[in-house]
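See below for the structure under consideration.
Throughout, read-outs are computed from the coordinates displayed, never taken from laboratory work. The structure displayed is predicted, hence computed values, not measured ones. No Cβ is skipped: glycine too gets one built from the backbone with ideal geometry, and neighbour counts run over all protein chains shown.
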Amino acid sequence: MGGVMQVHDRPGTRRNARRRMAACAAFLALALASALAPAAGAVPAVVNAMVPSAANPLPGLDPAGDPANLSVLVNKSRPLNPATYAPADLVNARGSGQYLRAEAAAWLNGLFQGAADAGTGGLAAVSGYRSYAQQQQVYSSYVNLYGQAQADLISARPGYSEHQTGLAVDVGNANGSCGLSTCFGDTAAGIWVAANAHKYGFIVRYPNGYTNITGYSYEPWHLRYVGLDLATDMKRRGFATLEQYFSGNPSVYASITSGADLVAADPSGRLLRYPALPSGGYGVPVQIGSNWTGLKQAFVVDWDSDGVYDLLAQWNNGTLGLFKGWPGGAFSTQIVVGTGDWDAMTITVGKWSSNQGYPGVVGYFPDGGLRYYPNTSGRALTYRVDIGTGWAGLGLTMADWDADGANDILATTASGLLLNYPGNGVGGFKGLPGSIGSGWGTMKALVPSFGLSGPGTRSITAQTVDGFLVDYGLGTGVWGSQRQVGNGWGSMTLFK
Ligand SMILES: [Zn+2]
């Protein structure tokens, strides 16, 4: 993919450019005629537009169904799928003869060390992985002993046991006291485990008093590995059970709940979220952060694809930082995903290749070489692919202009043209760029928006240099309707 010069040599695009220029000129005249002065004060005015619509909610934080996922929810109403699932990476945990998946076993070492260091007398691994067939035997024996109702309270049917995930382990005192008994919870080790397991990615899966939610009676010995992030977040928010953590749609409590919300930093560094209203405009802003000064640019993106929007900050000091959004609100502290000269780059963020499950970064250094940085882990960027030259000076916005399911790059030229570079969906380009507008030199920021004019709608919300917000609907390779959605935004740094 070469530079942009070829675009000017294509008669067809010039014609398009003139047509868009006429439309845009008409709009600008309209905007000027309405003579809306920017509102006073630091907080931009809120405009309630007349177009009826509903906000486009994030996908719910559905519990993972993949039994190989560390956060998979397994209980009496959610069997493993397939029911005969067997993990591929089981290891002998601590040489105990009990097997766990490799990551869980590694963290179990830390947990056991921590318990020993705390002077609890130490822990022992009593029961780990159980196959479908083994669980069938365990369950049948309980049914024979106690009858089905009691068996269901203390044991799982085959295909319904967390032990079959390779992520659950029953622990006990190293000296064997209170083994698989509720009194373990009152021993030094049991008390320590309940208070500290999350620091090693484990949770006490069946806590006391939650039988009506988990379906199981109190088992202070049954630990489930869910990973450090999830275990820590549950502890921090006071969620006692995985069921409660995943229940309903916790992302409705996230700091950013919709792709139509507008997020912006004001000159004093307050981070504000302007919630999209069903009526089509923005509601009263909510402060969701502070000290957001020193930004070159920032982005709202679900960087780790967990269904909750995160923030990606491109700082003037050259760092690219991730602030992970929590389902219940607020953000993590900064997770550095890139270091070096990111302040020298012009970037756009989004899903650039279907080969990656996470959104990535496309951008260029002042030399104009366009690069794609795949995001392979939902965390740090590790490598780049050169995908173009001659991009110096262009403004970049990733959006699916032609609605073919693959994002394109919309590039603003110094002369105010808006060019569409069609993406091929797998990290590169296809076909020739085309001009899709002119007069865009007066835009300070272009923010892709989802659902601002109703479910499924897509648009580009543009911040003009004189502080207006104008929403441009995206169709199928054509512009949809345009409408002003705010004024007085001149001093705000919009998150793209
Ligand atoms: Zn257990």
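When you work out D = kT/(6 pi eta Rh) for the chain at 4 °C and 1.567 mPa s, using the Kirkwood radius from C-alpha pairs as Rh and the Stokes-Einstein form, the result is 51 µm²/s.
Label-to-label distance for Asn291 and Leu228 is 2.1 nm, based on points extended 7 Å past Cα in the beta-carbon direction.
Output wanted: per-residue J couplings in Hz (rounded whole) for the stretch 408-418, from phi through Karplus 6.51 cos²θ - 1.76 cosθ + 1.60, θ = phi - 60°, x for Gly and Pro. So the Karplus estimates, Gly and Pro as x, are 10, 10, 9, 10, 9, 8, 4, 8, x, 6, 10 Hz.
Put a dot 7 Å past the Cα of Asp386, heading toward its Cβ, do the same for Tyr218, and the two dots end up 6.6 nm apart. One decimal place: the segment Ala330-Thr476 gains 49.0 nm when fully extended, by the rule 0.36 nm per residue minus the C-alpha distance.
Rounded, prolate or oblate: which fits the stretch 90-248 when a ≥ b ≥ c are the square roots of the eigenvalues of the alpha-carbon gyration tensor, with rounded for a/c under 1.5 and prolate only if a/b beats b/c? Cα axes put the stretch 90-248 in the rounded bin.
Does the stretch 314-405 come out rounded, prolate or oblate by the C-alpha gyration tensor, with a ≥ b ≥ c the root eigenvalues, rounded set by a/c under 1.5 and, if not, prolate when a/b is larger than b/c and oblate if not? Note, shape of the stretch 314-405 comes out oblate. Note on Val465 and Ser279: the extension gain reaches 64.4 nm, defined as 0.36 nm multiplied by sequence separation minus the Cα-Cα distance.
Net charge near Ile256: determine it from the other residues with C-beta under 12 Å of the C-beta of Ile256, scoring Lys and Arg +1 and Asp and Glu -1. Charge balance near Ile256 sits at -1.
Relative to the current alpha-carbon distance between Gln137 and Asp343, full extension at 0.36 nm per residue lengthens the span by 68.1 nm. Taking square-rooted eigenvalues a ≥ b ≥ c of the alpha carbon gyration tensor, is the stretch 173-271 rounded, prolate or oblate, where a/c under 1.5 means rounded and, failing that, a/b exceeding b/c means prolate? Prolate is the answer for the stretch 173-271, as a/c is 1.5 or above and a/b outweighs b/c.
Note on the chain: lysine pairs with Cα distance below 18 Å, sequence gap of 8 or more or different chains, count 9.
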